[in-house]
1. Scanning for something at pLDDT below 95, within 16 Å of ligand 2 (Cβ to nearest atom) and under 20 Å from MET185 (Cα atoms), does the range 59-70 turn up at least one residue?
2. Taking the stated definitions as given, is ALA8 over 25 Å from PRO145 (Cβ atoms) and either in contact (Cβ under 8 Å) with a residue 24 or more places away in the chain or touching a helix residue (DSSP H, G or I) at 6+ places or on another chain (Cβ under 9 Å) (or both)?
3. Do the conditions hold for THR92, that is, is it in a helix (DSSP H, G or I), modelled with pLDDT of 95 or more and within 12 Å of THR211 (Cβ to Cβ)?
4. Being touching an Asp or Glu at 6+ places or on another chain (Cβ under 6 Å) and either away from ligand 2 (no atom under 16 Å from the Cβ) or free of Cβ contacts under 8 Å to residues at least 24 places away in the same chain (or both) is the filter here, so list the residues in the range 226-273 that pass it.
5. I'd like to know if the range 75-87 contains one or more residues that are at pLDDT 95 or above, within 16 Å of ligand 2 (Cβ to nearest atom), among the aliphatic types (A, V, I, L, M) and not in a loop (DSSP other than H, G, I, E, B).
6. Would you point out which residue out of ALA218, ALA194, ALA160 is more than 15 Å from ligand 2 (Cβ to nearest atom), small (Gly, Ala, Ser), on the phi < 0 side of the Ramachandran plot and without any contact (Cβ under 8 Å) to a residue 60 or more places away in the chain?
7. Of all residues in the range 95-114, how many are more than 16 Å from ligand 2 (Cβ to nearest atom) and in a strand (DSSP E or B)?
8. For residues in the range 19-44 being surrounded by fewer than 21 Cβ atoms within 10 Å (Cβ to Cβ) and without any contact (Cβ under 8 Å) to a residue 60 or more places away in the chain, which is farthest from ligand 2 (Cβ to nearest atom)?
Amino acid sequence: MKEKIEQAAAMIRKQSSIHPRIGLILGSGLGVLADEIEEAVVIPYAKIPHFPVSTVEGHAGRLVLGRLEGQAVVAMQGRFHLYEGYSLEEVTFPIRVMKRLGVETVLITNAAGGINESFQAGDLMLIRDHINFMFRNPLVGPNDPELGDRFPDMTEAYDADLRRLAKKVAEKLGIDLKEGVYAAMLGPSYETPAEIRMLRTVGGDAVGMSTVPEVIVARHAGIRVLGLSCIANMAAGILPQPLSHEEVMETAERVKETFLRLVKGILRELPGE
Ligand code: R1P
Ligand code: CYT
């Protein structure tokens with residue numbers, strides 16, 4: 001795996017002189033953030049050795065390197081999901097490559113269904129913790145100690161300092177930032193109302209089909225994680241209406257301004273180079 005990581009990182013380094021310290025993973029419909037990157041170098045995933053390609057609407061499938069709010073960043077405009085048929089190694093490969101490029105902090109975003117009934121579609125939620133209902137772990141298999149520990153600690157998978165910072169920035173900008181637990185399901189069918197009741201009972205506030213594998217690998221690699229969910233719809237059974245990816249995309253489009261303000265505000269407050 002190390003060879004693959006190095007080959008991908010080498011190709012990316014050849015395209016851009018930026019040494020990114022911050023990684024951004026942009027969820028369904030949230031890719032617009034990458035359009036704001038200055039001095040941008042855009043690399044389609046198909047051109048990067050060993051990178052999978054995006055198959056889901058709302059995931060452009062491009063890596064964007066450049067500067068955002070003065071920070072050297074690498075952004076994934078589109079991520080990979082297990083339900084696309086990719087392996088956990090493929091889904092989390094970009095995190096390994098980011099680490100190789102020098103990334104120390106990653107901002108992982110997603111579009112999620114709101115389980116907590118005090119939320120509404122369009123809210124932004126800071127991820128405090130997660131529950132892995134995918135029942136798979138990307139670290140299964142032989143462990144390479146050069147990449148990370150066999151048993152990484154997950155007590156504060158979502159960095160406490162970064163969470164404090166995100167809340168401070170939201171308050172300053174007058175953004176009502178919710179906070180909660182992200183429950184990850186395999187998908188791609190949306191959850192049933194009974195599953196949503198179960199997830200609520202066990203402490204889930206939002207549900208989605210991504211993020212958790214990436215967070216586990218980031219922690220394994222020693223990368224600090226900040227997680228943000230856009231509550232794109234209320235989860236199944238809460239409102240008298242069916243769920244659709246169109247609604248997810250529409251809500252992401254509707255909140256993009258607030259989402260951009262929050263993320264940019266956070267980037268401004270992170271220590272610079
Ligand atoms: C379903 O509408 C899609 O939205 C979420 C789910 O995981 C699923 O892919 O997308 P992201 O988690 O990639 O933002
Ligand atoms: N919504 C979403 N479940 C949902 O209800 N975006 C992912 C999963």
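The values are calculated or read from the model by the stated rules, or taken from the named source; none is laboratory data. Treat the numbers as computed from the prediction; the structure is a model and nothing was measured. Using ideal geometry, Cβ is built from the backbone for each residue, glycine included, and neighbour counts are taken over all protein chains shown.
1. Yes.
2. no
3. When the stated conditions are applied, THR92 passes them.
4. LYS264, LEU267, ARG268
5. yes
6. After applying the criteria, what remains is ALA160.
7. Residues flagged as more than 16 Å from ligand 2 (Cβ to nearest atom) and in a strand (DSSP E or B) within the range 95-114 amount to 3.
8. GLU39
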